[in-house]
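Visitor: My questions all concern the structure below.
The values are calculated or read from the model by the stated rules, or taken from the named source; none is laboratory data. Everything numeric here is computed off the predicted structure, so don't read it as measured data. As a convention, Cβ positions derive from the backbone with ideal geometry for all residues, glycine included, and neighbour counts pool all protein chains shown. Accessible surface areas use protein heavy atoms only, side chains included; no ligands, DNA or RNA. Shrake-Rupley method; radii C 1.70, N 1.55, O 1.52, S 1.80 Å.
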Amino acid sequence: MLKLSGKPVYKGIAIGPVVVLKPHGQQIKRTKIENIEAEISRFAKAGEKAAEQLVKLYDKAVGEVGEASAAIFEVHKMMLEDEDYLEAIQNMIRIEKVNAEYAVAKTGDNFAEMFAGMDDDYMRARAADVQDISNRLIRNLMGKEEIDLNSIEPSIIVADDLSPSETVQMDKKKILAFVTVHGSANSHTSILARMMNIPALIGVPVDLEEIQTGMQAVVNGFLGEVYFEPTEEICCQAEDKIKEELEKQKLLQILKGQENVTLDGKKINIYANVGSVGDIGYALENDAGGIGLFRSEFLYIGRSDFPTEEEQFQAYKQALQMMADKKVIIRTLDIGADKQADYFNLGKEDNPAMGYRAIRICLKQPDIFKTQLRALLRAAVYGNLSIMYPMITSVEEVLKIYEIIKEVQEELEKMQIPYKLPEQGIMIETPAAVMISDELAELVDFFSIGTNDLTQYTLAIDRQNEKLDDFYKPHHKAILKMIGMVVDNAHKCGKWAGICGELGADLELTKEFLRMGVDELSVSPSMILKIRQSVRAIVVF
Ligand code: PEP
Ligand code: MG
């Protein structure tokens, strides 16, 4: 048995087989080859295998997600047959006498760079596809099997690190736990693990060459420990703990349908944070009063092109219909920093957290923003929608958003497409927004405080940097004072203010939030009943 420790980001216990995900960014060595024809034939075989894989992926995707979404695999197959691409690789092998892996990697980089530099949006987005194809060929050349996470039995995923885009693509029913070598507790991958109710440990010093797919493991998210090839005793203890947790969950079930009201009669809304329509089931199971944060950017990541207006409209409409008349607050695209989609071609930045992200992209590239806004306004007809804008720092930004909204309304009217203008609010997640929250309150319908970024920007701590986790202190007086100030400024204007950052779920602060007059807490679905339990035992004043 091998026991390792790490930092838990979601408490829970898991027992099951391990799937090891090796890092993608494999170092490709350049080696000199003697037999050119053998190398060309090795490359041809890798290509044939890739073509077979893509046909299988296409057939599977057609059945699961429909023809439109599956079409990407056809595009990949066409690229794989592109003569310029194939010739470039073969020529490099012949002329430079290099190994096929190196020729593919170099050619893939050159083609991706060429696509990324094109004017046409569609062609630019192909940069990510050519990289995908090249990686597939390299994996085949190296004899590395691609693990299809959708066809594994429920497993404990062990990886160096996981990006949000990798995490959202996984079928949640197939994941028992995450164990990663790197990662920060405040990253979106950790947030996703909490939203998905999945025990997760980060900072675990796993040797990915030593741990094998198929080994058994126990993850204890309470103690921050993982046991590979555990003893029978450890397995029995874990099974007992799982039963104990299930009992606790059952006890919480009696709180379903009960009000979120303190012993002295103060009420608060408890809503759910979700990353996709698929998560809404968890919100309903846990009796969420509404959706306080629908992170719409997850519709954009983990794919190779922009979601169309129709795709977005269908997703938002479904979310609204599932929640019936309950409030659903959809946040507009908050891409950038750790949430990346290659086809946006955001480029490398020295300080991505303080860079080109969220509303800044939407205001600079209004076509992308307008597609989303049209989908949102059309969907608003089907339920109780609110729109929320991320990363606001100024009054001017809000006014600019309203100009764009007006244009969208005019377009929809001209085309006689039914729509509704929903309630519009902003996230307060920059110190600038806090300081001018009195002015902003005049302009918007509500505030939702994003404590994750507010902590990052106030304390000057990169939330992605795992070395700084100990310095990331959302209980800092500055943060609590800011929350109080924002709530007061909202109330002075007759507006409401909630918290949708992770701090909203911090049971140590529930009483303080109630005292400040916070109107809503939006948290991971699994925390809703726990907070209700705590609220119902509190005397605020
Ligand atoms: C926040 O910053 O607190 C927030 C809720 O947004 P995100 O975590 O997605 O940046
Ligand atoms: Mg944020």
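Visitor: Expressed as a whole percentage, what fraction of the accessible surface of the range 12-118 belongs to carbon and sulfur atoms when a 1.4 Å probe is rolled over the protein heavy atoms? Provide the component values of the computation, followed by the final result.
Guide: On the way: 3270 of 6080 Å².
For the range 12-118, the apolar C and S fraction of the accessible surface comes to 54 percent.
Visitor: Can I ask one more? Output the 0 to 90 degree angle, nearest 10, between the alpha-carbon long axis of helix 477-492 and the longest principal axis computed from the alpha carbons of the chain.
Guide: 60
Visitor: Hey, what number do you get for the chain at 222 nm if only DSSP H runs of n ≥ 4 count, each worth -39500 (n - 2.57), divided across all residues, to the nearest 500? Can you show the working numbers first?
Guide: On the way: 19 runs with 244 residues, N = 541.
Helices in the chain give a 222 nm mean residue ellipticity of -14000 deg cm²/dmol.
Visitor: Compute the angle between helix 309-322 and the longest alpha-carbon principal axis of the chain, please, reported from 0 to 90 degrees and rounded to the nearest 10.
Guide: It works out to around 40 degrees.
Visitor: Once phi is turned into ³J(HN,Hα) by the Karplus curve 6.51 cos²θ - 1.76 cosθ + 1.60 with θ = phi - 60°, what whole-Hz value does each residue of the range 220-230 show in order, with x for glycine and proline?
Guide: 10, x, 7, 8, x, 10, 10, 10, 9, 6, x
Visitor: I'd like the Karplus ³J(HN,Hα) series for the range 260-273: coefficients 6.51, -1.76, 1.60, θ = phi - 60°, whole numbers in Hz, and an x wherever there's a Gly or Pro.
Guide: Residue by residue, the range 260-273 yields 8, 9, 7, 5, 9, x, 8, 9, 8, 7, 10, 10, 10, 8 Hz.
Visitor: Tell me the net charge near Ala103. Cut-off is 13 Å between Cβ atoms, Ala103 excluded, with +1 for each Lys or Arg and -1 for each Asp or Glu.
Guide: Numbers: positive: Lys29, Arg30, Lys32, Arg42, Arg94, Lys97, Lys106; negative: Glu39, Glu87, Glu96, Glu101, Asp109.
Spelling it out: positives minus negatives among the neighbours equals +2.
Visitor: Taking the full set of protein chains and a 1.4 angstrom probe, give the accessible area of Tyr356 in square angstrom, rounded to the nearest 10.
Guide: Estimated to the nearest 10 Å², Tyr356 gives 60 Å².
Visitor: Which of the peptides 176-182, 413-419 is most tightly packed, and how do the rest follow, going by the mean number of other Cβ atoms within 10 Å of each residue?
Guide: 176-182, 413-419
Visitor: Still on this structure: Within the range 122-260, how many Lys pairs sit with Cα atoms under 30 Å apart, leaving out pairs fewer than 8 places apart on the same chain?
Guide: 22
Visitor: Can you tell me, using C-alpha contacts under 8 Å and at least 6 residues apart, the relative contact order of the range 6-120 as a whole percent? It would help to have the intermediate numbers written out before the result.
Guide: Working: 66 pairs, mean separation 36.6, N = 115.
Relative contact order comes out at 32 percent.
Visitor: Cα to Cα, under 17 Å, and not fewer than 8 places away if on the same chain: which aspartates and glutamates meet these conditions relative to Lys317?
Guide: Result set, ordered by chain and number: Asp279, Glu297, Glu309, Asp325, Glu423.
Visitor: Tell me which residues come under 5 Å, amide H to amide H, from Ile428 once H is placed; ignore anything under 5 positions away on its chain.
Guide: Ser448, Ile449, Gly450
Visitor: How high is the relative contact order of the chain? Use alpha-carbon pairs under 8 Å, at least six apart in sequence, and give a whole percent.
Guide: Working: 998 pairs, mean separation 86.7, N = 541.
With pairs under 8 Å counted, the relative contact order is 16 percent.
Visitor: Output the peptides 445-458, 198-211, 495-508, 242-255 sorted from most to least packed, where packing is the average of other Cβ atoms within 10 Å over each peptide's residues. Numbers along the way, then the final one.
Guide: Values: 445-458: 23.9, 198-211: 18.5, 495-508: 22.1, 242-255: 12.1.
With the highest mean Cβ count within 10 Å placed first, the list reads 445-458, 495-508, 198-211, 242-255.
Visitor: Please enumerate, by chain and number, the lysines with C-alpha under 18 Å from the C-alpha of Lys511, excluding those fewer than 8 residues away in the same chain.
Guide: Hits, sequence-local ones excluded: Lys266, Lys267, Lys477, Lys481, Lys530.
Visitor: Please work out how much length the chain gains when fully extended from Lys477 to Glu229, using 0.36 nm per residue of separation minus the C-alpha to C-alpha distance, in nm with one decimal. List each step's numbers first, then the result.
Guide: On the way: separation 248, 0.36 × 248 = 89.28 nm, distance 4.46 nm.
Gain on extension, Lys477 to Glu229, equals 84.8 nm.
Visitor: Suppose the chain between Gln237 and Glu439 were pulled fully straight at 0.36 nm per residue; how much longer would it get relative to their current alpha carbon spacing? All intermediate terms of the calculation are to be shown ahead of the outcome.
Guide: Numbers: separation 202, 0.36 × 202 = 72.72 nm, distance 5.57 nm.
Contour length minus Cα-Cα distance gives 67.2 nm.
Visitor: Using R₀ = 45 Å, calculate the FRET efficiency as 1/(1 + (r/R₀)^6) where r is the Cβ-Cβ separation of Arg515 and Gln212; round to 0.05.
Guide: Details: r = 52 Å, r/R0 = 1.16.
The computed FRET efficiency comes out at 0.30.
Visitor: Let me ask something additional. Looking only at the range 109-253, where both bridge partners belong to it, what percent of the DSSP beta bridges are antiparallel (to the nearest 5)?
Guide: Working: 4 of 11 bridges.
If I count the DSSP bridges inside the range 109-253, around 35 percent turn out antiparallel.
Visitor: Check the straight Cα-Cα distances from Lys492 and name the aspartates and glutamates below 16 Å, setting aside those fewer than 8 residues away within the same chain.
Guide: Here the aspartates and glutamates satisfying the reach criterion relative to Lys492 are Asp438, Glu439, Glu442, Asp445, Asp519.
Visitor: Using a simple spin-label model with points 7 Å from Cα along the Cα→Cβ vector, what separation in nm is obtained for Tyr402 and Lys173?
Guide: In this crude label model, Tyr402 to Lys173 measures out at 4.7 nm.
Visitor: If we sort 32-38, 232-238 on the protection proxy, mean other Cβ atoms within 10 Å, highest first, what's the order?
Guide: On the way: 32-38: 11.0, 232-238: 13.4.
Put in order of decreasing packing, that is 232-238, 32-38.
Visitor: Calculate the length of the line joining the C-alpha centroid of the range 99-113 to that of the range 471-513, in whole Å.
Guide: 50
Visitor: Can I ask one more? Which whole-Hz ³J(HN,Hα) couplings does the range 408-414 yield from phi under the Karplus relation 6.51 cos²θ - 1.76 cosθ + 1.60, θ = phi - 60°, glycine and proline marked x?
Guide: 5, 4, 4, 4, 5, 5, 4
Visitor: Search the structure for amide H atoms under 5 Å from the amide H of Ala200, placed 1.01 Å from N in the peptide plane, and list their residues when 5 or more places away or on another chain.
Guide: Long-range HN contacts for Ala200: Val9, Tyr10, Phe178.
Visitor: On a 0 to 90 degree scale, rounded to 10, what angle separates helix 36-65 from the longest Cα axis of the chain?
Guide: The two axes meet at around 30 degrees.
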